[in-house]
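A.B. asks: Have a look at the structure that comes next, please.
The values are calculated or read from the model by the stated rules, or taken from the named source; none is laboratory data. Because the structure is predicted, anything quoted here is derived from the model rather than measured. So basically every Cβ, Gly included, is an ideal-geometry build from the backbone, and we count neighbours across all protein chains shown. Side chains are part of the model used for accessible areas, which takes the heavy atoms of the whole protein and leaves out ligands, DNA and RNA. Shrake-Rupley method; radii C 1.70, N 1.55, O 1.52, S 1.80 Å.
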Amino acid sequence: MLFTDVVTTSAAVGATRARSEKTTALAELLRAAAPGEVEPVVAWLSGFPRQGRIGTGWRTLAAVDVAPAGAPSLTVGQVDGLLDELAGTAGQGSALRRRELLERLYGAATTDEQRFLHRLLTGELRQGALEGLMVDAVAAASGAGQAAVRRAFMLSGRLPETAATALGGGTGALAAIGLEVGRPIRPMLASPGASLDAALAALGPGVVVEHKLDGARIQVHRRGDDVRVWTRTLREITAAVPELAAHVRGLPCDTAVLDGETLALDDDGRPRPFQDTMSRFGSDADEGVLLSPFFFDLLHLDGRDLVDEALETRLDALGHLLAAGEHAPLRMPGARRPSAEEAAAVLDAALGAGHEGVVVKDLAAPYAAGRRGKAWQKVKPVHTLDLVVLGAEWGYGRRTGSLSNIHLGARDPDGGEPVMVGKTFKGMTDELLAWQTETFPRYARAEEPGVVYLRPELVVEIALDGAQRSTRYPGGVALRFARVVRYRPDKTPDEADTLEAVRALLSG
């Protein structure tokens, strides 16, 4: 397959807002791809190189200035091979070698292909093939059902490999993908609930109501004494959190996969600021901050996979495991099959302890990642949304010299660019203003007087009083009294809230 076919399809997907047309274009390309081409094609159209980070930053790419080829000749295999070489280039002389490889690649690329490569390698390729859309395209191209593709993707954690399996072997090959201890799976997510009463009414009496902590999601795998820990984005952090590994190593089991949250607590057992928890996950981790684990799900135990079991079965197994462990990790507080009054008491207790609210979960539901379903619903007393930062305006008065008023975008569920729904400069401390002013230029993709426009990569949590209809923004809706709560380095733009989530807050 020629590389230009991928570039052309990317342009076609980006040119339409119709999800069906996007899916059709992607599926047609996948059907035409050879077995060895599926993985790189899916990765590229999802917005990233198959190899992950390959050491080509803005400065490296800016130094590449070669004339484009007059006609397309590059194949998918050639491009993927050169990216493999780039990813493997390290050590003395690597900068020169990387420059040579990039010049060879760009020199064989047409103008459109060069533009595509530049956007791919700088993380700006947002042509609309987000994970959910690509899953639909893989299902259509392979003839396998969406449920089979989604389940396999959840268990493998890697979409390009899942696509290659689906195109190569169909439903049968996908069904053979199982949970592997030591390989993280994609987490199940909760949808926002309008209120506790509404969530209880929607899910019925067969629910568990649990605390929603102001912490970070973790997934922990154990095989013997080997314990590994991943974040919600499947980034491994084992070396940074030895105390979490020690907790799980003390449980009476040989193999286990647990799902939960972790956070830093003060001496009174109340949650420390979210930034304290996240400080443990960076390269300059604050080892003086200890993390506590709170587990709410068990996906595997001693050779038995539990992802397809009802939540009630998983909770029973989790309860027995944690109760039997010496110095066991903490079970997420909550109540099973509560009355309305008991559920309200759980919410009050969570808020009284300094947490965000509760999550209401259907006890009959299996574990399923992917699109946010209604089986888990999170309820908070204050409306919050995770939105994408699209730009920032230079401040004035006391904020002169600082990037202040941020532009906020909601995720397009059909895979397009985030849709702007408002601006805010409220809730920003001097420290946060300084951080924005230092950080935002690294994400800049365009500027005009007074405004820096950013690549859609940063996620910020926004508190608001609701939404209102508005012709000012393209989504036809605007945020009411929006203020910054915090930035979410643990979330990707693909996990931001959708335009539908904003519209659900309209007050009639």
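Per-residue answers, yes or no, for (1) of a type in the set (D, E, K, R); (2) surrounded by 19 or more Cβ atoms within 10 Å (Cβ to Cβ):
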position: Arg99; (1), (2): yes, no
position: Tyr106; (1), (2): no, yes
position: Leu120; (1), (2): no, yes
position: Gly123; (1), (2): no, no
position: Met134; (1), (2): no, yes
position: Phe153; (1), (2): no, yes
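A.B. asks: Another question, if that's okay. Give, as residue ranges, the strands (runs of 3 or more DSSP E) completely inside the range 173-286 that count at least 3 residues that are closer than 25 Å to Glu131 by Cα.
C.D. replies: Filter on the range 173-286 gives 216-223, 226-231, 255-264.
A.B. asks: Looking at Phe296 and the list (1) within 19 Å of Ala246 (Cα to Cα); (2) at pLDDT below 95; (3) open to solvent by 10 Å² or more (accessible area, probe 1.4 Å), which single condition is not satisfied?
C.D. replies: Evaluating Phe296 over (1) within 19 Å of Ala246 (Cα to Cα); (2) at pLDDT below 95; (3) open to solvent by 10 Å² or more (accessible area, probe 1.4 Å) leaves (2) as the failure.
A.B. asks: Can you name the residue in the range 156-172 that is modelled with pLDDT of 95 or more and touching a Leu at 6+ places or on another chain (Cβ under 9 Å) and, of all such residues, is nearest to Gly357 (Cα to Cα)?
C.D. replies: Thr162
A.B. asks: I'm told Ser191 meets every condition in (1) modelled with pLDDT of 95 or more; (2) open to solvent by less than 40 Å² (accessible area, probe 1.4 Å) except one. Can you identify the failing condition by its number?
C.D. replies: (1)
A.B. asks: Filter the range 351-365 down to the residues that are within 21 Å of the chain's Cα centre (by Cα) and part of a loop (DSSP other than H, G, I, E, B) and list them by number.
C.D. replies: Glu356
A.B. asks: Can you find, within the range 412-447, the residue that is farthest from Trp394 (Cα to Cα) among those that are β-branched (Val, Ile, Thr) and part of a helix (DSSP H, G or I)? Explain how you work it out, then say what you get.
C.D. replies: Narrowing the range 412-447 to residues β-branched (Val, Ile, Thr): 419, 421, 424, 429, 437, 439.
From what's left, part of a helix (DSSP H, G or I): 437, 439.
On the way: Thr437: 9, Thr439: 14 Å.
Result: Thr439.
A.B. asks: Give me the residue from the range 58-82 that is in contact with a helix residue (DSSP H, G or I) (Cβ under 8 Å, 6 or more places away or on another chain) and free of Cβ contacts under 8 Å to residues at least 40 places away in the same chain and, out of that set, surrounded by the fewest Cβ atoms within 10 Å (Cβ to Cβ).
C.D. replies: Step by step, filter the range 58-82, then rank; the result is Ala63.
A.B. asks: When only residues in the range 450-488 that are within 25 Å of Gly123 (Cα to Cα) and at pLDDT below 90 count, which is most open to solvent (accessible area, probe 1.4 Å)?
C.D. replies: Per the stated criteria, the residue is Pro474.
A.B. asks: Taking into account only those residues within the range 174-188 that are at pLDDT below 95 and among the small types (Gly, Ala, Ser), which is least open to solvent (accessible area, probe 1.4 Å)?
C.D. replies: By that ranking, first place goes to Gly178.
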